[in-house]
Every structure is written in C-alpha cells, then in structure tokens.
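Below is one structure, written out as structure tokens; comments come after it.
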Amino acid sequence: MGASSLEAMEEDLNSVAVCPLKRRIRQKRGVREIIKTKLQQNLSCSGPKIKSTLTGFFPVVKWLPKYKVKEYIWGDVMSGLIIGIILIPQAIAYCLLAGLDPIYGLYTSFFSNIIYFFMGTSRHVSVGIFSLMSLMVGQVVDREVYLAGFDLNEDSTKNAFGFNDTGETNITAVSLKIMSLNMECGKECYAISIATALTFLAGVYQVLMAFLRLGFVSVYLSSPMLDGFATGASCTILTVQAKYLLGLKIPRHQGYGTVVVTWINIFKNIHKTNFCDLITSSICIIVLLAGKEIQDRYKKILKIPLPTELVVVAVATIVSHFADLNGQFSSSISGAIPTGFIPPKMPSIELMPRIAWDAIPLAVISFAFTVSLSEMFAKKHGYTVRPNQEMIAIGFCNIIPSFFHSFTTSAALAKTMVKDSAGCQTQVSSIVSALVVLLVLLFFAPFFYALQKCVLACIIIVSLKGALRKFRDVPKQWRESKIEAIVWLVTMSSTALISVELGLVIGVIFSMICVVVQTQNPKVSLLGQIEQTNDYEDMEEYDNLSPVPNVKIFRFQAPLFYANKDFFLKSLYKATKLEPFLELTRRRKLEKKARAKAEKKTDGVDQTNGDVGICLISKDVGFHTIILDCSCISMIDTTAVSTFKTIFKDYKEVGVNVILACCNTTVIDSLRKGFFFGAGDKNMERLLFHTIHSAVCFATSLTQPVNDSSV
C-alpha cells in the first residue's frame with residue numbers, strides 16, 4: 001500500500017475511533033510471591049483467625065446462639081419427628097441393598113444426622129441413608145464377599161473360611177489372604193468391614209477434594225446426566241429387590257448386566273415362588289402406593305406426611321410374629337437386631353487397597369447430590385451455602401461413622417422435600433431425627449425380628465416411584481432439548497444395562513462429548529442492521545433487517561479452537577460465498593486465457609491490447625470488507641490465531657478487508673501473544689472495534705483494502 005493509502009486509512013481510523021479505550025496495566029505477581037501470600041493468609045495464627053476457622057469448620061457455633069426458639073422450635077421438632085419415623089423403616093430396608101444387617105442402617109442414620117448438625121451449612125437438607133449409595137455399597141460388598149469364598153445366599157451356613165456344617169471346605173486364594181489379614185470373622189462381619197473401609201475412603205476423598213478446591217468436578221455432572229444416572233440406578237434397585245417380592249433365594253449377580261441376568265434368573269426360578277411373600281408383597285405395595293397417592297392428592301389439607309411406611313412395618317411385623325410366617329411358610333425375615341451400640345472399630349486398612357477405586361464414584365456422587373440439594377433449597381429459602389464446607393461436612397459424615405460400623409451417606413431428595421414441607425427451619429430437626437433413631441436402637445430394635453424381607457423390599461421399590469416417573473418426562477425433554485434427552489437416555493441405559501459405576505463414567509464422558517460436538521458445530525450467521533438503529537442481528541432469524549452495502553458481518557457463536565477451526569473457515573466461505581483460493585484460481589485461469597488470446601493476434605496488432613484485456617478481468621466480488629463479530633467467541637487458542645492470520649492474508653489477496661469487532665480482552669491478549677498484529681503495527685491493532693456499528697462506520701468509509709497493497 002502506498003503512502004497516500006496509509007494516510008487515508010489513518011484519517012478513517014481517527015474519524016471512527018473518537019474515544020479509544022486504553023487497557024489498564026496490571027502487574028503480574030511471580031509464583032513465589034503468590035505462594036508466600038497464600039501461606040501468610042492460611043498459616044497465620046491470631047484470635048480472629050482461630051475464631052473464623054472454627055466458625056467456618058463448625059457453622060453450628062455461628063447460627064445456634066441466634067436460634068429463635070419461639071419461631072423455629074415447632075417446625076424443627078415436627079419435621080425431625082417425621083423424618084425420624086421415615087428413617088426407621090428405610091434404614092432397615094436399605095440394608096438389603098447394601099448387603100448388610102439392619103442394625104448398621106440405624107447406626108448410619110443416627111451418626112450422619114448428628115455430624116451434619118455440627119458441620120453442615122444447609123438448614124433443610126436431610127443427610128442419611130440413601131438408596132443409590134446403598135446400592136453402590138452393596139455391589140462392592142457382594143463382590144468382595146463372593147471373592148472371599150462366602151456363599152451369597154442369605155441362608156448360607158458357611159463360616160468365614162468356607163467350612164460348612166458337614167466340614168467340607170471351600171477355601172479360595174482370596175480366603176487365604178483374608179486369614180493372613182487376621183480377618184477372623186463370619187460373612188456379616190467381613191461384609192461390614194468392607195463397607196466401613198469403603199465409607200472411610202469415600203469420606204477421605206471428599207475431604208481432600210474440599211481442601212484441594214476440587215469442587216468444580218461437580219460441574220461436569222449435568223442435571224440430565226444425574227437424572228439419567230438416578231433413574232438407571234433405580235431400575236437396578238428394582239431388579240435387585242424383585243426376588244424378595246417373590247421369596248426367591250437368588251444370589252446377586254456379580255459383574256456387568258445385572259438387570260438382564262437377574263431377570264433371566266428370576267424367570268428361571270419363578271416356579272419356586274413363595275406365595276406367602278408374594279401375597280404379603282402385593283398387599284404392602286397396594287397400601288404404600290395408596291398412602292403416597294393420598295399424600296400427593298391431599299398434601300394441601302394434610303399438614304404432615306402420612307407415616308404409611310411405619311404403619312406397614314408395624315402391622316407386617318405383628319402379623320408375621322403371631323402367624324409364624326417364617327416357620328409355617330419359610331418366609332425370609334430380618335432376624336435378630338441387637339440393641340445398643342457395638343464398640344467402635346478402626347476401618348480395616350488392609351482392605352482399602354482392594355476397594356480404593358470403588359470409593360471414587362461413591363465420593364463424587366455423594367457430594368454431588370449433597371451440594372446440589374443444598375444449593376437448591378438455599379436458593380428457595382433465600383440464604384447461601386458454602387459448597388466447599390458441604391463437601392467437608394459430607395466427608396466427615398462418612399469418615400467418623402465408619403468407625404461406628406456405618407456405611408456411605410448422602411443427602412436424599414425425597415426426605416429433604418418432606419422435611420421442608422413439614423416446616424423445618426434449621427438443622428435442629430436432624431438432632432430430633434437422631435433421637436428418634438436412638439430410641440429404636442436402645443429399646444425397640446428387637447421387635448423387628450419377625451419383619452419379612454419382602455416388606456422391606458416393598459418399601460424400597462415404592463420409594464423409587466419418583467425416579468421412575470422420569471420416563472414420562474422423556475417426550476417433553478426431547479421437545480425442549482434433544483441433546484439433553486439423548487444424554488439422559490444414554491446414561492440411564494448404560495447404568496441400568498451395564499453397571500452403576502460404568503454408567504456414571506459413560507454418562508460423564510458422553511455429556512462432555514456432546515458439549516464438544518456443540519462447540520464443533522455452533523450456529524453461524526450473517527448480520528443485518530435493524531432499521532433506524534445501530535444494532536445488528538441474524539438475518540435468517542429476523543425480518544426487516546437491512547444488509548450493509550459492500551460489507552459482510554459474520555458471527556461465530558462458540559469459542560474458536562483447534563477442534564472447530566475447519567468448521568469456522570467453511571462456514572465463513574459459505575456465508576460470504578467467497579473462498580479466496582478458488583477466487584484466485586479463477587482469476588489466474590482467466591488471465592491465462594487472456595494471454596493465450598493475445599498471443600494469437602497477428603504481429604501487426606498492437607500488443608498492448610492483450611495487457612488491456614487482462615486488466616479488464618472482473619475482480620469485483622460484491623463486497624470489500626468482512627467484519628468478524630467476535631462477541632460470542634469467549635476464547636481462542638494458537639490454532640485460532642493462525643486461522644485469523646490465514647483469513648487476513650487470503651482475503652487481502654482478493655482485495656477484501658477483514659476487521660474484528662467486539663473482541664473481549666482474553667481474545668485480544670491471545671492475538672497479541674500470537675503476534676497477530678505484528679511488531680509495532682499500530683494500524684493493524686487499531687482495526688479492533690469495540691462495537692459492530694463502529695466497525696461498520698469504518699468499513700463503509702473504505703474504498704480499498706486497508707491491509708493490502710493495491711491490486
């Protein structure tokens with residue numbers, strides 16, 4: 001470009017950029033200085049610092065002194081009593097899922113409520129035994145028990161080392177290893193040892209994630225993925241419990257495809273159905289469903305939830321005891337549930353290497369549900385929670401109870417909603433719930449001896465009603481967002497048909513792939529001006545938009561990086577209907593033909609006519625400037641910078657200007673680091689405009705390319 005062209009461009013730039021913005025100069029701190037500052041902040045010791053740490057670690061110290069007894073006590077007591085009544089049958093029932101004795105479910109419910117009272121920041125969340133956690137624990141417990149040589153049949157008489165009543169042995173290599181670990185206990189003792197070690201590790205992972213500020217992991221667990229995971233797990237829970245409804249003694253399948261294999265085994269053994277259990281299950285399911293239906297239909301009239309589950313458990317226990325259903329019809333019962341507490345015991349360190357990987361999905365799912373529920377109810381009631389402290393709280397709700405023969409806990413949506421509807425105000429309700437469970441532990445536990453396992457299975461299956469209802473929402477979700485519906489279906493199917501752990505992994509990976517695919521194929525558009533305004537919008541989406549003469553405004557609605565740069569280029573060429581390489585090729589062919597014609601002229605003809613013919617080849621492409629609207633480009637990488645360089649270079653060869661508008665500071669910094677503007681080329685850098693309209697004003701004032709020499 002000549003000097004006159006540069007001067008004209010300078011004048012055009014000055015006329016448009018009346019008030020140029022000036023970036024602030026920020027001093028970058030070194031790594032050593034940052035580490036020093038962090039250490040001073042976190043390791044300093046003072047009175048206020050200690051007080052702040054204690055109140056942060058134990059939020060109860062902050063809110064309990066401000067407790068408004070007259071306003072809060074009635075709602076907290078009532079909600080605590082109701083949750084306690086619900087917890088009793090669920091704690092006993094969910095032990096079937098976990099493959100443990102009922103007493104351990106009561107321990108879990110008791111300790112988790114007390115610990116969360118001291119450490120939780122949510123006022124409404126109900127933390128305790130949860131069906132999904134119980135299922136995941138149960139799968140690990142059953143696998144390890146099976147590998148240790150125990151019979152998974154509940155009525156097995158084999159002891160810890162594979163000896164049965166006849167004295168025959170069934171010692172496996174793993175059983176010998178158990179002996180070397182001094183695990184001299186029976187099947188149930190070994191099962192709870194696995195569960196407590198697993199729970200301890202899950203809690204440690206959660207606390208470590210909190211201290212390492214890894215709470216961001218939960219952002220990769222999208223709502224459709226979590227819903228699909230919960231629904232798929234519910235299908236697995238339903239399948240695992242179906243055998244109890246029929247009174248079939250089928251060991252839980254180990255490995256992948258639990259749902260399919262279990263249903264095949266059920267139909268193979270359907271002739272062995274215990275009709276006493278079948279009749280009992282039918283009656284219990286009808287009563288429980290009727291109670292839930294009445295509760296849902298008349299929830300505005302009923303001030304408190306109906307204790308249907310407790311009533312069913314009480315009546316079923318009384319009938320089973322006096323009718324001797326176990327002796328007369330061989331119906332499986334819960335068995336002896338001791339009173340009081342078993343002495344605390346350190347979780348087995350020797351078992352932890354075997355289950356270290358299994359604790360990771362437990363930890364992630366547990367804190368994900370807890371944090372999401374805490375934030376949801378905090379938003380509903382107008383207060384804030386601290387996600388990091390919630391991770392610490394749920395972590396210690398797993399670590400400490402693991403010493404007291406408890407298994408993994410989490411916040412549960414159903415109980416939290418009941419707690420909220422019953423008038424809960426603070427976590428004082430958790431103490432009330434713990435006291436209700438304590439009464440059962442100390443006095444009433446033996447009365448559940450004759451309770452049939454099929455009754456507990458009915459309670460578990462009916463509690464899945466809400467999760468299984470998600471199938472009805474699939475058509476609606478499909479209409480709202482096909483991608484989210486596909487994520488839900490893939491996660492649900494993989495969780496139900498393969499395994500719970502792999503279902504979680506597949507769901508996370510697939511949902512992330514969907515995000516990548518969306519960024520690889522984002523929406524692109526050409527913009528037109530809204531009449532009588534300085535605003536610009538998509539010409540395909542809106543009517544009454546005017547295209548800017550001789551200017552193309554192109555918008556790319558995604559971050560620009562290596563994975564979608566080809567799509568960006570193809571979309572730009574398609575939108576502008578001009579691909580520089582093809583245009584140059586076309587011009588070269590026409591020039592070649594013109595020269596060939598000139599050479600055929602006779603020697604008597606003036607040779608300058610050929611040059612004139614070449615110059616007369618049309619180089620008009622219908623526009624002279626492309627404005628790249630970067631308002632939707634949140635970031636770019638080095639590949640994107642190279643792509644921009646290529647665009648500027650290729651288009652200037654065909655006489656088209658390319659300028660950028662609405663770039664954020666992150667994009668501008670990436671361009672500078674990639675030497676996009678060149679060393680000291682202020683004119684190039686001043687071709688960045690903060691609004692589309694200022695870029696349009698500059699573009700319409702141009703008569704020739706500003707980033708090219710004359711053609």
Practice prompt. In whole Hz, with x marking every Gly and Pro, tabulate ³J(HN,Hα) for the range 119-128 from phi via Karplus 6.51 cos²θ - 1.76 cosθ + 1.60, θ = phi - 60°.
Written response: 10, x, 9, 8, 8, 10, 5, 9, 9, x
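Ordering M417, M225, M635 from largest to smallest accessible area (1.4 angstrom probe), what's the sequence?
From most accessible down to least: M417, M635, M225.
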Worksheet entry | Percent RCO, i.e. relative contact order, over the range 478-551, from Cα pairs under 8 Å lying at least 6 residues apart | 17 percent
Practice prompt. Keeping all protein chains in place, calculate the accessible area per residue for the range 382-451 (probe 1.4 angstrom), answer in Å².
Written response: 33 Å²
Worksheet item: List the GluC sites (Glu not before Pro) in the range 350-393 that DSSP assigns to loop (not H, G, I, E or B) and whose Cβ has at most 16 other Cβ atoms within 10 Å. Which are they?
Response: E350
Discussion item. Could you derive backbone 3J(HN,Hα) for the range 550-556 from the dihedral phi with the Karplus parameters 6.51, -1.76 and 1.60 (θ = phi - 60°), listing whole Hz in sequence and x where the residue is Gly or Pro?
Written reply: 6, 9, 10, 10, 10, 10, 10
Worksheet item: If the cut-off is a Cα-Cα distance under 18 Å, which lysines reach K593, setting aside same-chain residues fewer than 8 apart in sequence?
Response: K601, K619
Practice prompt. Output ³J(HN,Hα) for the range 91-99: one whole-Hz value per residue in order, computed from phi by the Karplus curve 6.51 cos²θ - 1.76 cosθ + 1.60 with θ = phi - 60°, and x for Gly and Pro.
Written response: 4, 6, 5, 5, 5, 4, 5, 7, x
Practice prompt. Would you pull out the residues with amide H under 5 Å of S410's amide H, same chain only if 5 or more places away, H placed 1.01 Å from N?
Written response: G128, F130
Worksheet item: Do the alpha carbons of any pairs in K243/K453; K299/K419; K652/K673 sit beyond 18 Å of each other, and which pairs?
Response: K652/K673
Discussion item. Rounded, prolate or oblate for the range 215-342? Axes are the square roots of the Cα gyration tensor eigenvalues, ordered a ≥ b ≥ c, and the cut-off for rounded is a/c under 1.5.
Written reply: oblate
Practice prompt. Rounded, prolate or oblate: pick one for the range 38-140, where a ≥ b ≥ c are the square roots of the eigenvalues of its C-alpha gyration tensor, a/c under 1.5 means rounded, and failing that, prolate if a/b is larger than b/c, else oblate.
Written response: oblate
Response to the item:
Computed over the range 434-572, the relative contact order (Cα-Cα under 8 Å, seq sep at least six) in percent reads 14 percent
Worksheet entry | Rounded percent of accessible protein surface that carbon and sulfur make up, the range 271-388, 1.4 Å probe | 68 percent
Worksheet item: Which trypsin sites (Lys or Arg not before Pro) in the range 257-365 pass both tests, a DSSP loop state and at most 16 other beta-carbon atoms within 10 Å?
Response: K299, K300, K303, K345
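The values are calculated or read from the model by the stated rules, or taken from the named source; none is laboratory data. Being a predicted model, the structure only gives us computed values, none of them experimental. Every residue, glycine as well, gets a Cβ built from its backbone with ideal geometry; the counts of neighbours run over all protein chains shown. With ligands, DNA and RNA removed, areas are computed over all heavy atoms of the protein, side chains included. Shrake-Rupley method; radii C 1.70, N 1.55, O 1.52, S 1.80 Å.
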